1. If you check Glu284 against the conditions, is it charged (D, E, K, R), open to solvent by 20 Å² or more (accessible area, probe 1.4 Å) and either in contact with a Ser or Thr (Cβ under 6 Å, 6 or more places away or on another chain) or in a helix (DSSP H, G or I) (or both)?
2. Which one is farthest from Ser274 (Cα to Cα), of the residues in the range 62-96 that are of a type in the set (A, V, I, L, M, F, W, C), at pLDDT 95 or above and not in a loop (DSSP other than H, G, I, E, B)?
3. Quick check on the range 100-130: of everything there that is over 23 Å from Arg10 (Cβ atoms) and among the acidic types (Asp, Glu), which residue is least open to solvent (accessible area, probe 1.4 Å)?
4. Working only within the range 16-57, note down all residues that are open to solvent by 50 Å² or more (accessible area, probe 1.4 Å), part of a loop (DSSP other than H, G, I, E, B) and either among the hydroxyl-bearing types (Ser, Thr, Tyr) or closer than 21 Å to Ala312 by Cα (or both).
5. For residues that are polar (S, T, N, Q) and touching a helix residue (DSSP H, G or I) at 6+ places or on another chain (Cβ under 9 Å), scanning just the range 138-197, find the one that is farthest from Ile245 (Cα to Cα).
6. Return a yes/no flag: does the range 306-323 have any residue that is at pLDDT 95 or above, out of contact with any Lys or Arg (no Cβ under 9 Å at 6 or more places or on another chain), surrounded by fewer than 22 Cβ atoms within 10 Å (Cβ to Cβ) and more than 18 Å from Val215 (Cβ to Cβ).
7. Can you tell which of Gly327, Gly257 is within 15 Å of the chain's Cα centre (by Cα) and farther than 26 Å from Val94 by Cα?
8. If Ala326 satisfies every condition in (1) touching a strand residue (DSSP E or B) at 6+ places or on another chain (Cβ under 9 Å); (2) touching a residue at least 24 places away in the same chain (Cβ under 8 Å) but one, which is the exception?
Amino acid sequence: MKLASLKNGRDGRLVVVSRDLERYVAADAVAPTLQAAMDDWARIAPRLQELSDRLNAGAILDALPFDPAQCAAPLPRAYQWADGSAYVVHVELVRKARGAEMPQSFWTDPLMYQGGSDSFIGPRDDILAVDEAHGIDLEAEVAVITGDVPMGIDAGKALDHVRLLMLVNDVSLRNLIPKELEKGFGFFQSKPATAFSPVAVTPDELGDAWAGGKVHLPLHAEVNGKFLGNPNAGDEMTFHFGQLIAHAARTRELEAGSIIGSGTVSNRDRAKGSCCLAEVRMLETIANGKPTTPFLSFGDRVRIDMKDRAGASIFGAIDQRVTKYAGPT
């Protein structure tokens, strides 16, 4: 089934969306918000699935047209947003571009940071930025929403706790990152509000493309309508989602509604392009000694989507414009 949150207060209004992303029906009678559904998933999910089945069968005559512009993030705010860096080929490229060797431990121990989860933005909301000089960048990713995860769980068993999947635009301010990391305390100002796809889907919606804790489909990224990349999210994902969840839960439990991200999707095959501008610039630096591709400017448009093998969008597209922040009102 496919679930979305229409904009309504802080936590949105839960709706069930048809498989073709054309229609929706309110889920108020089952659960008012997605977080409420996550908190009681064993009881609520079958009822949502029944609603989904009826919607897809055309049995709900008062279903309404689905408009992604009306959507908040599926979880407009979450108790946990932990983003990994599962594509070590991407990390390796970052290190190579600045002439640094990569520790071997990066191949066996996932990188992960804890992001801000109090104010996600919707799939068609503007990317608000203070200054172009901050180096505004997109990062196209895949993420899962978990149920309750016990501390110390095994990576294989962790996959049993995946409830939903989404796409992500983990916006980064690249020129703020170095000084933050120099402090040895991680990202903060360099990671503004994160955007997610219009809908979150249960794993069965992916069919055999969901296998081994990975999504084996290309992730399409565009800037201003021009191809940026379409690397396969299942290829060269060093750490599958079970491993990422287990890593996050090594010393603490995760509550229902926790979001775990894959990090920027990346493949070694350069013909597949990139899912962030920083990677493009790294390749230019390696080849020519300096980057030539600029980061995002005000007015630029970013689009992220994933299609099934028949060419239909699975999650709906993230489609955002970069806009100068006007300040508090």
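The values are calculated or read from the model by the stated rules, or taken from the named source; none is laboratory data. Since we're looking at a predicted model, the values are computed, not measured. Quick reminder, even Gly has a Cβ in these numbers, built from the backbone with ideal geometry, and neighbours come from all protein chains shown. Note: accessible area is taken over every heavy atom of the protein model, side chains too, but ligands, DNA and RNA are not part of it. Shrake-Rupley method; radii C 1.70, N 1.55, O 1.52, S 1.80 Å.
1. Numbers: charged (D, E, K, R): yes; open to solvent by 20 Å² or more (accessible area, probe 1.4 Å): yes; either in contact with a Ser or Thr (Cβ under 6 Å, 6 or more places away or on another chain) or in a helix (DSSP H, G or I) (or both): yes.
Against the criterion (charged (D, E, K, R), open to solvent by 20 Å² or more (accessible area, probe 1.4 Å) and either in contact with a Ser or Thr (Cβ under 6 Å, 6 or more places away or on another chain) or in a helix (DSSP H, G or I) (or both)), Glu284 qualifies.
2. The initial filter retains those residues of the range 62-96 that are of a type in the set (A, V, I, L, M, F, W, C), namely 63-64, 66, 69, 71-73, 75, 78, 81-82, 86, 88-89, 91, 93-94.
Adding the requirement that they be at pLDDT 95 or above leaves 63-64, 66, 69, 71-73, 75, 78, 81-82, 86.
From the residues that got through so far, the ones that are not in a loop (DSSP other than H, G, I, E, B) too are 64, 69, 71, 81-82.
On the way: Leu64: 36, Ala69: 26, Cys71: 27, Trp81: 23, Ala82: 22 Å.
The selected residue is Leu64.
3. Asp109
4. Of everything in the range 16-57, those that are open to solvent by 50 Å² or more (accessible area, probe 1.4 Å), part of a loop (DSSP other than H, G, I, E, B) and either among the hydroxyl-bearing types (Ser, Thr, Tyr) or closer than 21 Å to Ala312 by Cα (or both) turn out to be Arg19, Asp20, Glu22, Ala57.
5. Within the range 138-197, the first condition is being polar (S, T, N, Q), and the residues that meet it are 146, 169, 172, 175, 189-190, 194, 197.
If we keep only those that are touching a helix residue (DSSP H, G or I) at 6+ places or on another chain (Cβ under 9 Å) as well, we get 146, 172, 175, 189-190, 197.
Details: Thr146: 8, Ser172: 22, Asn175: 29, Gln189: 25, Ser190: 24, Ser197: 20 Å.
Taking the candidates together, the pick is Asn175.
6. yes
7. Numbers: Gly327 fails: within 15 Å of the chain's Cα centre (by Cα).
Of the residues listed, the single one that is within 15 Å of the chain's Cα centre (by Cα) and farther than 26 Å from Val94 by Cα is Gly257.
8. Only one criterion is unmet by Ala326, namely (2).
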